1. Pairing the Cα long axis of helix 97-115 with the longest principal axis of the chain, what angle in degrees results, from 0 to 90 and rounded to the nearest 10?
2. May I ask you to compute the full-extension gain from residue 1 to residue 51, defined as 0.36 nm times their residue separation minus their alpha-carbon distance, rounded to one decimal in nm?
3. Counting each DSSP H run of 4 or more residues in the chain as -39500 (n - 2.57), what helix-only mean residue ellipticity at 222 nm follows after dividing by all residues, to the nearest 500 deg cm²/dmol?
4. Which of 94, 74 comes first, and how do the rest follow, when ranked by fewest Cβ neighbours within 10 Å?
5. Taking Cα pairs under 8 Å and at least six residues apart, what relative contact order does segment 8-115 come out at, in percent?
6. According to a simple spin-label model (label point 7 Å from Cα along Cα-to-Cβ), what is the distance in nm between residue 92 and residue 107?
7. Report the convex hull volume per residue for segment 8-115, counting only C-alpha atoms, in Å³.
């Protein structure tokens, strides 16, 4: 994760999301428990209850989901038809709280530029 400068990775198998592994997972479930990274199986330490949203979610709703669930990463999934069966879909991407804050700040800055 550090090599690619990411704070989390979505774990999927056969186009289904089965978990997410985050820096927090590493800290609390590996490092602080004195477990070896080389000997620890990802399935033992990843978060298995993954909260995700469809790509049609508003930015404000995504941020609210992050805050309400005390999470920092949110897998973004496609919507197939009217079904919202997220676990059966491969993620399109991952939005972090910093991604959203950065977007909102850039929008506010652009608005200030165009209004003045």
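Readers should treat all values here as calculations from the given coordinates under stated rules, not as data from a laboratory. Just so it is clear, the structure is predicted and the values come from calculations on it, not from any experiment. As a convention, Cβ positions derive from the backbone with ideal geometry for all residues, glycine included, and neighbour counts pool all protein chains shown.
1. It works out to around 10 degrees.
2. So the extension gain works out to 16.0 nm.
3. Per the formula, -10500 deg cm²/dmol.
4. 94, 74
5. Details: 129 pairs, mean separation 27.3, N = 108.
Over segment 8-115, the number comes to 25 percent.
6. 1.6
7. 126
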